[in-house]
């Protein structure tokens, strides 16, 4: 604290020397006044900027509530502590409409009034459903705890035709490639709507999450789909029409493990860190489409075969697994400036987001990096989410009619809430995520109380991000070794190249 006067004097001396260099004959008394005014202006600017930063952090980045509860003396007391904490966390989430909040609070109150504790999976499901009432994809509770959650030894992926088993522990390898028909006697058509109650948002996004939730035995039991908390009986139909049924004994998730999105299992490549002895289903063709390979490489630039087009794949809008996005985008931009492509296929499928400030410059530069008459094709699906949606909007806004979206709808609406934080329940050990900042890419968002302030510096306005050409992800295509959405973009890019060649 004693250094502040010395720093001020040092700044005053430097300022005086600078002013005297410009006006050497300025009287000393006037010089002092000018220096003091300059110092006051700078201090005021620092105070304003600092105040705005603090206000920004306070408004959009609330710290999680303190969870200082005494050690519970019973399961019922532990449940009530979790419910009390959950209610405090949910109150911070701004995505709830008044009616949805009233319904969620009513459900929590009913849980508090229970005379006995629920089994943990049933409490977790009830809280996931309460959070999902916000109908906002970012507002959620985890489907698994940091360890111990019971999982069945299968992995499934969502296709247009249903959910298909694409990974299995060795004893269940005969289920690979099978479409899920039923679990514990309930048909898939009965189960899917129940799974979709566990997370809010648009239908496609909820369905993608259902493909992850369906292998969580705790959630199946919590929903009442499974009758046994530790096992469930699955029936699948294989591509050749055979029906296979197995009772699946669940195993506990280890600390540090997590369940990747169902899209990860489109590749037969081993996943890092777990499932080492599992077996992957490989497409009948024997070839996994190139676009579903190399999943551990989050940022990739590659040429389109026999074409002047280039593919840019982003699986994150932020640094991931030690891979930095900024150098990749800078290098890609440099490559395009040196050799402008006739088309760019920007693959944002499966990209769950990150920090959209990373892609602002690249997205707005991209239309100007193309050869004359060039075009941008953006591949999207329901797992194109959060900052990946923003990036899609940036490119669409900047490129206009030179941009075509191909695939399936992105995973959220043009208006949504995000920018919050997480809070983990003291006893259940499952985390909730509350959201505080509104994004609206279709309309002006000027309410400083709820609109995320950073968007005023990174504006974007689009009328729609619906695909211009809808191409569903079908098991039939994937099993034949085809990525139909990519092939559509490749074909259109090829036509552009052919047309350009004829002109020249």
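The values are calculated or read from the model by the stated rules, or taken from the named source; none is laboratory data. If you're wondering where the values come from, they're calculated on a predicted model, not measured in any experiment. Reconstructed Cβ throughout: ideal geometry from the backbone, glycine too, with neighbour counts over all protein chains shown.
Among the listed residues 453, 478, identify the single one that is under 26 Å from residue 131 (Cα atoms) and over 19 Å from the mean Cα position of the chain (by Cα). Even if it seems obvious, please write down each step before you answer.
Details: 478 fails: under 26 Å from residue 131 (Cα atoms).
Just a single option satisfies the conditions, and that option is 453.
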Practice task
Please determine, by comparing only the residues of region 352-376 that are under 11 Å from residue 458 (Cβ atoms) and surrounded by 24 or more Cβ atoms within 10 Å (Cβ to Cβ), which one is farthest from the chain's Cα centre (by Cα).
Solution key: 363
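Does residue 344 meet the test of being at pLDDT below 95 and closer than 19 Å to residue 405 by Cα? Even if it seems obvious, please write down each step before you answer.
Details: at pLDDT below 95: no; closer than 19 Å to residue 405 by Cα: yes.
Spelling it out, it is not the case that residue 344 is at pLDDT below 95 and closer than 19 Å to residue 405 by Cα.
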Exercise for the section: Starting from residues that are out of contact with any helix residue (DSSP H, G or I) (no Cβ under 6 Å at 6 or more places or on another chain) and part of a strand (DSSP E or B), keep the ones in region 313-325 and report whichever is modelled with the lowest pLDDT. Expected result: 320
Practice task
Find the residue count for region 299-336, including only residues that are under 19 Å from residue 360 (Cα atoms) and over 21 Å from the mean Cα position of the chain (by Cα).
Solution key: 10
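Being more than 11 Å from residue 390 (Cβ to Cβ) and free of Cβ contacts under 8 Å to residues at least 60 places away in the same chain is the filter; apply it to region 435-448 and report the residue that is surrounded by the most Cβ atoms within 10 Å (Cβ to Cβ). I'd like the intermediate steps shown before the answer.
At the first step, the residues of region 435-448 found to be more than 11 Å from residue 390 (Cβ to Cβ) are 435-438, 440, 442-448.
Add one more test, that the residue is free of Cβ contacts under 8 Å to residues at least 60 places away in the same chain, and what stays is 440, 442-448.
Details: 440: 20, 442: 15, 443: 9, 444: 9, 445: 18, 446: 8, 447: 9, 448: 11.
Step by step, filter region 435-448, then rank; the result is 440.
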Practice task
Please verify whether region 271-290 includes one or more residues that are under 20 Å from residue 348 (Cα atoms) and touching a strand residue (DSSP E or B) at 6+ places or on another chain (Cβ under 6 Å).
Solution key: no
Completion exercise
Scanning region 178-212 for residues that are farther than 22 Å from residue 134 by Cα and in contact with a helix residue (DSSP H, G or I) (Cβ under 7 Å, 6 or more places away or on another chain), the one surrounded by the most Cβ atoms within 10 Å (Cβ to Cβ) turns out to be 180
Exercise for the section: From 414, 379, 465, grab the single residue that is within 22 Å of the chain's Cα centre (by Cα), closer than 23 Å to residue 315 by Cα and crowded, with 24+ Cβ neighbours inside 10 Å. Expected result: 379
Problem - Cross-chain or 6+ apart pairs with Cβ under 8 Å, region 68-79 first and farther than 19 Å from residue 423 by Cβ, then surrounded by 10 or more Cβ atoms within 10 Å (Cβ to Cβ) - result: 74/117; 75/117; 76/114; 76/117
Exercise for the section: Give 397, 412 a once-over and let me know the one that is in contact with a helix residue (DSSP H, G or I) (Cβ under 7 Å, 6 or more places away or on another chain), closer than 22 Å to residue 359 by Cα and either outside any loop (DSSP other than H, G, I, E, B) or modelled with pLDDT of 95 or more (or both). Expected result: 412
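Which of the following residues is touching a helix residue (DSSP H, G or I) at 6+ places or on another chain (Cβ under 7 Å), farther than 23 Å from residue 488 by Cβ and not assigned by TED's automatic domain parsing to the domain that holds residue 393: 257, 277?
Values: 257 fails: touching a helix residue (DSSP H, G or I) at 6+ places or on another chain (Cβ under 7 Å).
On inspection, the qualifying residue turns out to be 277.
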Practice task
Considering every residue within region 242-252, establish whether at least one is in the same structural domain as residue 167 (by TED's automatic domain parsing) and part of a loop (DSSP other than H, G, I, E, B).
Solution key: yes
Fill in the blank from the handout: Taking first residues from region 174-202 that are outside the structural domain of residue 217 (by TED's automatic domain parsing) and second residues anywhere that are at pLDDT 95 or above, the pairs with Cβ under 8 Å that are 6 or more apart or on different chains are none
Exercise for the section: Scan 215, 225 and give me the residue that is in contact with a strand residue (DSSP E or B) (Cβ under 8 Å, 6 or more places away or on another chain), surrounded by 21 or more Cβ atoms within 10 Å (Cβ to Cβ) and either under 24 Å from residue 472 (Cβ atoms) or in the same structural domain as residue 141 (by TED's automatic domain parsing) (or both). Expected result: 215
Exercise for the section: Return a yes/no flag: does region 343-355 have any residue that is in a helix (DSSP H, G or I), in contact (Cβ under 8 Å) with a residue 24 or more places away in the chain, closer than 18 Å to residue 440 by Cβ and not assigned by TED's automatic domain parsing to the domain that holds residue 212. Expected result: no
Handout entry: Complete set of residues in region 259-286 that are outside any strand (DSSP E or B), farther than 20 Å from residue 144 by Cα and modelled with pLDDT of 85 or more
Key = 266, 267, 268, 269, 278, 281, 282, 283, 284, 285, 286
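Residue by residue, here is whether (1) under 30 Å from residue 239 (Cα atoms); (2) outside any helix (DSSP H, G or I); (3) out of contact with any helix residue (DSSP H, G or I) (no Cβ under 6 Å at 6 or more places or on another chain); (4) not assigned by TED's automatic domain parsing to the domain that holds residue 383 holds:
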position	(1), (2), (3), (4)
296	yes, yes, yes, no
300	no, yes, yes, no
306	no, yes, yes, no
311	no, yes, yes, no
327	no, no, yes, no
331	no, no, yes, no
